[in-house]
Amino acid sequence: MNAPLTLSAEQIKQFESQTGLPYNLSDEQVQSFGAEIEALRGRIMSTLGERDARYIRKVIKAQRWLEIGGRGLLFAGILPPAWLAGTAMLGAAKIIENMEIGHNVMHGQWDWMRDPQIHSSTWEWDTVCPSSDWKHSHNHLHHKWTNVVGMDRDVGYGILRMSEEQKWTPYHLGQPVWNLLLAVFFEWGVALHDLETEKLASGEKTWKESVPFLKGVWKKVKKQTLKDYVLFPLLAGPFFLPVLAGNFTANIIRNLWTYMIIFCGHFPAGVTHFTPKDVENEDKARWYIRQLLGSANIRGGKLMNLMSGNLSFQIEHHLFPGMASNRYAEASIEVEKICQKYGLPYNAHGLGRQFGTTLARVFRLSLPNRRDTVTA
C-alpha cells in the first residue's frame, strides 16, 4: 500500500492555513478522493456531443469575424476612433484565438470530433511559438509535472524565481523588471521556452545543440512578422503606419492578458509548489491532489471564462486537461463539493486578489528567503 500523502512542513502550513483543518489525509481518503475525481471526469467526457461541437465552431466563427472587423477598421486607422476600435477588436480576436481556441485545440480537447480542421495535430496558432514546441513544453512537461520545481519549467519560465524552493542569486534582484518584460513580450518567452537558457548558461547544453530548435522558431517568427508587420500594413497603402502600430498594440494586449491569466492560475497566494522528492511513487490519486494544490481559479462571469480560454477554471483544466473547455464550469461545481467533503482547499478568488498576490510573490521572491537571510 502507498504511504499517506506527504508534504513538506511549509506545504502543510499552507494547507492548514487555507482549510483551517489539521493535515491528516489518510491513504484511504487520498484514494477515495482520486476515485471521485476520476468518476466525475468519466461522466462528463461520456456526454460530449453535438452541443459541444457547435460551441467550438461558433467560437471560431465569431473570432474570425472579430479579426476581420478589427483589421478592416484599422485600414481606416487615420481616424482615431476607428484605430482604437480596430485595435481593441483585433486584440480581443487574438486573445480568443490564443486562449479559448489554440490552447484548447492543441490540448486535444476537440479531437473526438474527428474534424481535421479543428484537431491538435493540424492546428497552428497565431503566435511566434511553433505549435509542436508548445505541445512538448506545455502538454507533456508542464501538465505532467505541474509546479514541481526543477521538473516543471513553467515555474518561472527560466527567467523568474517563483518558488522558495528555487535557489536565489543576485540576478533575481531585477525580477520586477524581468517580470514586466516577460509580460509585455510573453509570446516570445513562450517561443524560447524550450531553448533552456539556464542550461546554456550553466554549460549543460551547447548552442550547437540548440540550432535545430532555433531554426524552427525562426521559421514561425518570419511567418508571424511578415503577416502582422509587413503584409497587412502594406495592404493599407497610405495607412501603413497606423496599421503597423495597431497590429503591434494588439499583440501586446494579447501578451499582457495571456500572461496575467496564466500567472494567476499558477502563482497566487495559497498555491503550493513541490520538489522532486514530493512526487516519488506518485499514483493517479496523488497526481490529482497535486494538480489541485498547484492551481488556482479566477471567479468571474461568462465573458471572463471565454476571454481566459476557460483557464479561469485552472484547477479543472489541470485535473482534466483533455476535457472540452466549455465543460469546466459544470465540472467546477462538483470539484468544489468534493474538495469540501475531504477538507481540501479550493483556491478560487476574483482577478484582483489573484493577480495582486501573484505580483506580491514576484517582488517577495526577488529577495532571499527569510530563513536564508537569518542564517546568513
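Looking for something within 30 Å of F363 (Cα to Cα) and out of contact with any Leu (no Cβ under 8 Å at 6 or more places or on another chain) - is there at least one such residue anywhere in region 106-119?
The first filter runs over region 106-119 and keeps only residues within 30 Å of F363 (Cα to Cα), leaving none.
No, because not a single residue in region 106-119 is within 30 Å of F363 (Cα to Cα) and out of contact with any Leu (no Cβ under 8 Å at 6 or more places or on another chain).
Would you be able to tell me the number of residues in region 70-116 that are closer than 16 Å to R54 by Cα and buried (at least 20 other Cβ atoms within 10 Å of the Cβ)? Full working, then the answer.
Of the residues in region 70-116, the ones closer than 16 Å to R54 by Cα are 100-101, 104-105, 109-116.
From what is left, the residues that are buried (at least 20 other Cβ atoms within 10 Å of the Cβ) are 100-101, 104-105, 109-110.
The total comes to 6.
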Would you mind telling me which numbered condition in (1) under 12 Å from the mean Cα position of the chain (by Cα); (2) farther than 19 Å from M151 by Cβ; (3) not hydrophobic (A, V, I, L, M, F, W, C) N305 fails?
-> (1)
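Look through G91, G174, G156, G108 and report the one residue that is more than 14 Å from the chain's Cα centre (by Cα) and on the phi > 0 side of the Ramachandran plot.
Values: G91 fails: on the phi > 0 side of the Ramachandran plot; G174 fails: on the phi > 0 side of the Ramachandran plot; G156 fails: more than 14 Å from the chain's Cα centre (by Cα).
From the options G91, G174, G156, G108, the qualifying one is G108.
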Set G69, G34, G42, G102: member being over 21 Å from G322 (Cβ atoms) and part of a helix (DSSP H, G or I) | G69
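Can you tell me how many residues within region 314-340 are in contact with a Gly (Cβ under 9 Å, 6 or more places away or on another chain) and within 20 Å of V155 (Cα to Cα)?
Just the residues of region 314-340 that are in contact with a Gly (Cβ under 9 Å, 6 or more places away or on another chain), to begin with: 314-315, 317-318, 321-322, 325.
Filter once more, keeping what is within 20 Å of V155 (Cα to Cα): 314-315, 317-318, 321.
The total comes to 5.
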Residue count, region 343-376, condition part of a helix (DSSP H, G or I) and modelled with pLDDT under 90, comes to 6
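What residue, of I118, I56, I95, I101, is at pLDDT 95 or above and out of contact with any helix residue (DSSP H, G or I) (no Cβ under 7 Å at 6 or more places or on another chain)?
Selected residue: I56, the only one of I118, I56, I95, I101 that is at pLDDT 95 or above and out of contact with any helix residue (DSSP H, G or I) (no Cβ under 7 Å at 6 or more places or on another chain).
Quick grid of which residues meet (1) in contact with a Gly (Cβ under 8 Å, 6 or more places away or on another chain); (2) buried (at least 20 other Cβ atoms within 10 Å of the Cβ); (3) not in a helix (DSSP H, G or I):
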| position | (1), (2), (3) |
| --- | --- |
| H136 | no, no, no |
| H143 | no, no, no |
| T146 | yes, yes, yes |
| M151 | no, no, yes |
| Q166 | yes, no, yes |
| G174 | no, no, no |
| N179 | no, yes, no |
| A183 | no, no, no |
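Which of the helices (runs of 4 or more DSSP H) found entirely inside region 261-321 contain at least 2 residues meeting this: under 15 Å from H103 (Cβ atoms)? If you could, list the steps in order and put the result at the bottom.
Details: elements: 284-293, 302-307, 314-319.
Qualifying helices (runs of 4 or more DSSP H): 302-307, 314-319.
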May I ask you to verify whether L244 is modelled with pLDDT of 95 or more and exposed (fewer than 15 other Cβ atoms within 10 Å of the Cβ)?
-> no
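Among the residues of region 188-221 satisfying the criterion of being of a type in the set (K, R) and either surrounded by 15 or more Cβ atoms within 10 Å (Cβ to Cβ) or over 17 Å from D126 (Cα atoms) (or both), which is nearest to the chain's Cα centre (by Cα)?
At the first step, the residues of region 188-221 found to be of a type in the set (K, R) are 199, 205, 208, 215, 219-220.
Among the residues that remain, those that are also either surrounded by 15 or more Cβ atoms within 10 Å (Cβ to Cβ) or over 17 Å from D126 (Cα atoms) (or both) are: 199, 205, 208, 215, 220.
Numbers: K199: 23, K205: 26, K208: 30, K215: 25, K220: 21 Å.
If we take residues in region 188-221 being of a type in the set (K, R) and either surrounded by 15 or more Cβ atoms within 10 Å (Cβ to Cβ) or over 17 Å from D126 (Cα atoms) (or both), then K220 is nearest to the chain's Cα centre (by Cα).
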Checked against (1) surrounded by 19 or more Cβ atoms within 10 Å (Cβ to Cβ); (2) part of a helix (DSSP H, G or I); (3) among the basic types (K, R), R161 satisfies every condition except (2)
Looking at D52, is it among the acidic types (D, E), over 24 Å from A250 (Cα atoms) and assigned to a helix (DSSP H, G or I)?
-> yes
Test: I333 is surrounded by 21 or more Cβ atoms within 10 Å (Cβ to Cβ) and of a type outside the set (S, T, Y) = no
If you check G350, G301, G270, which single one turns out to be within 24 Å of P176 (Cβ to Cβ) and surrounded by fewer than 16 Cβ atoms within 10 Å (Cβ to Cβ)?
-> G350
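Condition first: small (G, A, S), in contact with a Phe, Trp or Tyr (Cβ under 7 Å, 6 or more places away or on another chain) and either assigned to a helix (DSSP H, G or I) or without any contact (Cβ under 8 Å) to a residue 24 or more places away in the chain (or both). Now tell me which residues in region 213-258 satisfy that.
Residues of region 213-258 small (G, A, S): 216, 236-237, 245-246, 250.
Those still in the list that are in contact with a Phe, Trp or Tyr (Cβ under 7 Å, 6 or more places away or on another chain) too: 236, 246.
Correct list: G246 only.
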Answer with yes or no whether E316 is of a type outside the set (K, R), crowded, with 16+ Cβ neighbours inside 10 Å, at pLDDT 95 or above and over 19 Å from M106 (Cβ atoms).
-> no
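The values are calculated or read from the model by the stated rules, or taken from the named source; none is laboratory data. Quick caveat: nothing in here was measured; it's all calculated off a predicted structure. Methodologically, a virtual Cβ is constructed for each residue, glycine included, from the backbone with ideal geometry; neighbour enumeration extends over all protein chains shown.
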